[in-house]
There are 2 protein chains.
Amino acid sequence: MKQNVHFVTVATPDLDVARAFYVAALGWVPLVDVPGEIIFFQVAPGAVLGLFDVEKFAQDLGTGPAHSVVSGVTLSHNVESPDEVHAVVAAMAGAGGTVLKDPQPGAFGGIFHAHVQAPGGIIWEIAHNPGWQIGVDGAVSFG
Amino acid sequence: MKQNVHFVTVATPDLDVARAFYVAALGWVPLVDVPGEIIFFQVAPGAVLGLFDVEKFAQDLGTGPAHSVVSGVTLSHNVESPDEVHAVVAAMAGAGGTVLKDPQPGAFGGIFHAHVQAPGGIIWEIAHNPGWQIGVDGAVSFG
């Protein structure tokens, strides 16, 4: 098995609410938007975030609604500075996100971060990590 | 907020079990491995999967164990053919994964896929999607 993630798919209770948050308020552009079913956003080279209607998510998985509450996962969005952490958190809160942790130094990794829960359940970490870099070839390194 | 996911971080009950599955059995190479804390794997250009000790995950989030059971999310690994779906599922099962859905045509998107739960909780979708492509610039398209 190659070391690749191509899609992160998240059970989403209301795609209209999610669309209002990511598209209308934050300005994201869907790769594909199938109303009532799924919205795809490209979020890295070759990698896609899918917001999948929660009932269809459970149907596709075949394991019922037990797996349809999002938990045990965070998605991180890295920014260039602590000030930018504050700015993105403010933008997400203004768009309807719930701030779970105000911007502050993290317990791990020397980062400055915050946690914001988007409507629908995804917990986003907004982080400035001074040591983290992406090379021109896409290789990630921690300084 | 830019349209980027840099880390997918997953609460993981036993990092030694996860390491045995991803590293020893499947041959993945960690970007960073901090025993008892976190293992990072690069899984796309500029994007990292982090397996984070479940207690530290909950501590970092500051919201307690309610958010530490993985659910409502799948990670997809795309392959070139239905035969390769079978091969990867067999490799994951041999490594200790639990097959939740045997390889079969999917209900959505014209794909051929299977679901396998890795030790620790991540549900992987192994999929062949004939229409899905990654351009040389990393742009994803659905044919």
Within the stretch A:124-143, does at least one residue satisfy the condition of being touching an Asp or Glu at 6+ places or on another chain (Cβ under 8 Å) and aromatic (Phe, Trp, Tyr)? no
Quick check on the stretch A:72-88: of everything there that is over 24 Å from residue A:42 (Cβ atoms) and touching a residue at least 12 places away in the same chain (Cβ under 8 Å), which residue is most open to solvent (accessible area, probe 1.4 Å)? A:86
Listed residues B:25, B:11; which is in contact (Cβ under 8 Å) with a residue 24 or more places away in the chain, within 10 Å of chain A (Cβ to nearest Cβ) and either within 30 Å of residue A:96 (Cα to Cα) or over 16 Å from the mean Cα position of the chain (by Cα) (or both)? B:11
How about the stretch B:16-42: which of its residues are open to solvent by less than 10 Å² (accessible area, probe 1.4 Å) and either of a type in the set (A, V, I, L, M) or touching an Asp or Glu at 6+ places or on another chain (Cβ under 6 Å) (or both)? B:18, B:39
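Does residue A:60 fit the bill of being over 22 Å from residue B:47 (Cβ atoms) and surrounded by fewer than 16 Cβ atoms within 10 Å (Cβ to Cβ)?
Working: over 22 Å from residue B:47 (Cβ atoms): yes; surrounded by fewer than 16 Cβ atoms within 10 Å (Cβ to Cβ): no.
In short, no.
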Return the residues of the stretch A:89-116 that are open to solvent by 10 Å² or more (accessible area, probe 1.4 Å), farther than 20 Å from residue A:142 by Cβ and within 9 Å of chain B (Cβ to nearest Cβ); say none if nothing qualifies. A:91, A:95, A:100, A:101
Considering only the stretch B:121-138, how many residues are touching a Pro at 6+ places or on another chain (Cβ under 8 Å) and either among the hydrophobic types (A, V, I, L, M, F, W, C) or open to solvent by 40 Å² or more (accessible area, probe 1.4 Å) (or both)? 3
When you go through (1) under 24 Å from residue A:99 (Cα atoms); (2) at the interface with chain B (Cβ under 7 Å from one of its Cβ atoms) one by one for residue A:45, which number turns out not to apply? (1)
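The values are calculated or read from the model by the stated rules, or taken from the named source; none is laboratory data. Values in this document were obtained by computation on a predicted structure and should not be read as measured data. Counting neighbours? That spans all protein chains shown, and the Cβs are built from the backbone with ideal geometry, glycine included. Each accessible area value is taken on the protein alone, full model and side chains, heavy atoms only, with ligands, DNA and RNA left out. Shrake-Rupley method; radii C 1.70, N 1.55, O 1.52, S 1.80 Å.
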